[in-house]
Amino acid sequence: MRKLKINKEEYQIFGIKKLPSSVFSLPTFLNMKYQVNEKGYYGEFGGAWIPEMMYTNIDELKCRYLEIIESEEFKKEFDLLLRDYVGRPSPLYFAGRLSEHYGTNIYLKREDLNHTGSHKLNNTIGQILLAQKLGKTRIIAETGAGQHGVATATVCALKGLECIVYMGALDVSRQEPNVKKMKMLGAMVVPVHSGNKTLKDATNEAMRDWINNPEDTHYIIGSVVGPHPYPDMVARFQSVISTEMKIQLKEQTGSEFPTRILACVGGGSNAAGAFYHFLDDEQVELIGVEAAGKGIETGETAATLAVGTPGVLHASKTMLMQNADGQITEPYSISAGLDYPGIGPLHAHLHKTGRAKFLSATDEVVLQSVLLLTQKEGIIPALESAHALAALEKIAMKPEDVNVINLSGSGSKDMETYLDYFGY
Amino acid sequence: MKNRINHLFETKKENILSVYFTAGFPELNSTVEIIQQLEKNGVDLIEIGIPFSDPTADGPTIQRSSEIALKNGMNLNLLFEQLQHIRKSVNIPLILMGYFNPVYQFGITRFCEKCAEIGIDGTILPDLPLDEFEQEYKPVFQQNNLHIILLITPQTSEKRIRQIDEAGTGFIYMVSSSSTTGAGKKVEDFQRSYFERIKNSNLKNPQLIGFGISDKETFENACKYASGAIIGSAFVKSFQPEYSIEKSVSDFVKGIIFAH
Ligand SMILES: Cc1ncc(COP(=O)(O)O)c(C=O)c1O
């Protein structure tokens, strides 16, 4: 049983009867500094830079998403599925031996224990319910590591909807178990051969599909990227992570505020979810960790904030890896889920304002962190999530600090990489 | 000087043929020759594509031509250099078409000024949305006598069509059906009701129909409902390595408008 032993009122957050503090209504933000404005911007970043062919769909979403996801009926369905299908709340686990190793307190938010093995399902559950309310019958998605693809294929099986997943051909070959899972779940997986054959190219192809199928299709974007309202919508669905964190921290440490929260950042959805309800609590340090690949100075990197400049990609004005001519440069990371040349506009804004700090970790260091967690705690993390762990090597932590790592996913999908590298 | 696009639509009311190609394809330095040959063969209007690494509104043909153009070394600085003296040899209206990001990095003001200096008459930036254009960029386009051509699709609402007609200048780019470029449509696939609806809605801007116009038959059919039509992918696809640009262009254009 992974139920929280805390007072009844707070427990109700995961229940379905009483929702005084449902995942959506929990905090009333005192200021809007880190929230999206009505035009879809976080500061100077965001917007909906869509061609007219996508306008009708995006406009429908923009006009209806809040009304739908804030309705009592939606919240009930969403919370019930999160509890009974996803397996929420996910535990907040005090990692004793890892804490000892670093001489501080380390808690792991166990998103790896969700059904399908990552945080991605929080978002796809929300979006499939939304798609149904919009009367859509055909679902498309992009995927990098395959986790979002699996999470999408899963909710499509759950609801009996047609599912097409676009995946870069390179990722198809490096994340084979997930490809097979998606197929078994009844989804069609379309390998994308353009560009670098990774996540960016899969996203291009999914957008093209949507342009070609404007009436019956909903595009389930897998991160806090893309045109408004996606970044805000996905962040809201993922915000359940920090809702739970606050309650669990209060119970376990006596305070709902940790010293810092660390999360890996590809597009930034698990980080957005982990940061969400702490954005206005400026005493909590927020740290996003990007994939440095072979090192930010090598050019073979996916650390967008470290090497990027502002521009427009995938219908959003955000920080991008690009050359002086505005051509997007190809990212590199060992982790398919972080191998993306952009970042969600929320994070570009958090970076610009200094509200969050962004570090990066190289493939090499990340793999060592995988092994460390595996052998200290008996938890094999996803390559993506291990980027957050790797940051522990870099930051100064005091013995009394409370550090929360958002452990976004499980390493099952990466076993082949691990076995190859470590030579077991 | 009068904008050449206005002049065209004032003097020619039907069967206007506009052709798109990707700058830097098939060869880096094909640009000027393609433009000259298109004019020589009777094309009325040319859309010069600025290649982008992530052309999300384009089908496979223009994706490929863009990829090759970029590999060949095309970029906006170079394109402007190639076009520097284009008005010494070409009189028909020229449009630059491309995704927003390369233009944004070049600098919007600098881009518009450069267009004016060279004699470019309009731009099509499909992922620059109407509201961003109106709030940020309209004055600098106007100051440089540069038309901004906006798109409508079969899904565009009546109200939005009016807004687009109000904000856009030059002509309206009517996307023939819901698709990316080069969708290989047949005449039967066109939604006549949409075409007729637009034709009868008395817009201030003339209209050209594009996307999926690939041959004489689709061109002539589109011309029944608008001032003319735009051909892109089919033209890009027609370049064969064994033929000169002169022959490629002439064969292609003759196949569309011969005997009109
Ligand atoms: C386990 C895991 N963590 C993180 C990510 C990165 O996505 P995001 O930055 O949106 O959380 C992925 C993406 O595939 C993932 O599978």
Please name whichever of B:16, B:65, B:143 sits farthest to the positive end of the charge dipole of the range B:4-251, dipole taken about the Cα centre and charges placed at Cβ: Lys and Arg +1, Asp and Glu -1.
-> B:16
Taking a cut-off of 13 Å between Cα atoms, list the aspartates and glutamates near residue A:75, but don't count ones fewer than 8 places away on the same chain.
-> A:67
Computed for chain A: size of charge dipole around the Cα centre, +1 on C-beta of each Lys and Arg, -1 on C-beta of each Asp and Glu, debye to nearest 20, value 960 debye
Averaged over B:56-63, number of beta-carbon atoms from partner chains that fall within 10 Å | 5
Candidate residues A:53, A:32, A:184, A:397: accessible-area rank, largest first, probe 1.4 Å = A:184, A:32, A:397, A:53
Whole-Hz ³J(HN,Hα) from phi, Karplus 6.51 cos²θ - 1.76 cosθ + 1.60, for the range A:251-262, glycine and proline x | 5, 8, 10, x, 9, 7, 9, x, 6, 8, 10, 10
Quick shape check on chain B: root eigenvalues a ≥ b ≥ c of the Cα gyration tensor, a/c under 1.5 is rounded, otherwise prolate if a/b tops b/c, else oblate, and it reads rounded
When Lys and Arg each count +1 and Asp and Glu each count -1, what net charge do the other residues less than 12 Å away from residue A:137, Cβ to Cβ, add up to?
-> 0
For residue B:24, net neighbour charge (Lys/Arg +1, Asp/Glu -1) across residues whose Cβ lies under 13 Å away = -3
Report, ordered by chain and residue number, the lysines lying within cross-link reach of residue B:204, taken as a straight Cα distance under 26 Å and ignoring same-chain residues fewer than 8 apart.
-> B:2, B:12, B:13, B:138, B:159, B:224
Taking the mean number of other Cβ atoms within 10 Å as a proxy for protection, how do you rank B:205-214, B:40-49 from highest to lowest?
-> B:205-214, B:40-49
Surface per residue (accessible, 1.4 Å probe) for the protein assembly as shown, Å² | 36 Å²
With all protein chains present and a 1.4 Å probe, how do A:52, B:220 order by accessible area, largest first?
-> B:220, A:52
Per-residue ³J(HN,Hα) for the range A:242-248, Karplus 6.51 cos²θ - 1.76 cosθ + 1.60, θ = phi - 60°, Hz, x for Gly and Pro | 7, 4, 5, 3, 4, 5, 5
If you take every DSSP beta bridge whose two residues both sit in chain B, what share of them, in percent to the nearest 5, is antiparallel?
-> 0 percent
Identify which of A:202, A:157, A:336 has the largest mean-square fluctuation in a Gaussian network model of chain A, with springs joining Cα atoms closer than 10 Å.
-> A:157
Note down the Stokes-Einstein diffusion coefficient of the range A:305-424 in µm²/s, whole number, using a Kirkwood radius over alpha carbon pairs, 25 °C, and 0.890 mPa s.
-> 154 µm²/s
So what is the calculated 222 nm ellipticity per residue for chain B, using -39500 (n - 2.57) for each DSSP H run with n of 4 or more, over all residues, to the nearest 500 deg cm²/dmol?
-> -11500 deg cm²/dmol
Ignoring everything but the protein chains, give the 1.4 Å probe accessible area of residue A:233 in square angstrom, nearest 10.
-> 0 Å²
Would you mind computing the Rg to Rh ratio of the range A:165-230 from its alpha-carbon coordinates, Kirkwood style for Rh?
-> 0.97
Check each residue of the range A:316-338 and keep those whose accessible area, probe 1.4 Å, is at least 50 Å² smaller with all protein chains in place than in the chain alone; give them in order of residue number.
-> A:325, A:327
Could you pull the Rg and Dmax for the protein assembly as shown, using just the Cα atoms, both in Å?
-> 26.4, 86
What's the average, rounded to a whole number, of partner chain beta-carbon atoms within 10 Å of each residue's beta-carbon in A:202-211?
-> 4
With +1 at each Lys and Arg Cβ and -1 at each Asp and Glu Cβ, the charge dipole magnitude of the range B:4-251 around its Cα centre, to the nearest 20 debye, comes out at 400 debye
Which residue, chosen from A:119, A:204, A:191, occupies the Cα position most advanced towards the positive end of the dipole of chain A, where the dipole is computed from +1 (Lys, Arg) and -1 (Asp, Glu) charges on Cβ about the Cα centre?
-> A:119
Surrounding charge for residue B:9, neighbours by C-beta under 13 angstrom, Lys/Arg +1, Asp/Glu -1, total +1
For the pair A and B, how large is the buried accessible area, both sides, in square angstrom to the nearest 100, if the probe is 1.4 Å?
-> 2800 Å²
State the antiparallel share, in %, of DSSP beta bridges confined to chain A, rounding to the nearest 5.
-> 30 percent
So, relative contact order of chain A in percent, Cα under 8 Å, 6 or more apart, is 19 percent
Compare the Cα positions of A:141, A:356, B:128 along the charge dipole of the protein assembly as shown (+1 at Cβ of Lys, Arg; -1 at Cβ of Asp, Glu; about the Cα centre) and return the one farthest towards the positive end.
-> A:141
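The values are calculated or read from the model by the stated rules, or taken from the named source; none is laboratory data. Just so it is clear, the structure is predicted and the values come from calculations on it, not from any experiment. Using ideal geometry, Cβ is built from the backbone for each residue, glycine included, and neighbour counts are taken over all protein chains shown. To get the accessible areas, we keep the full protein, side chains included, count just its heavy atoms, and leave off ligands, DNA and RNA. Shrake-Rupley method; radii C 1.70, N 1.55, O 1.52, S 1.80 Å.
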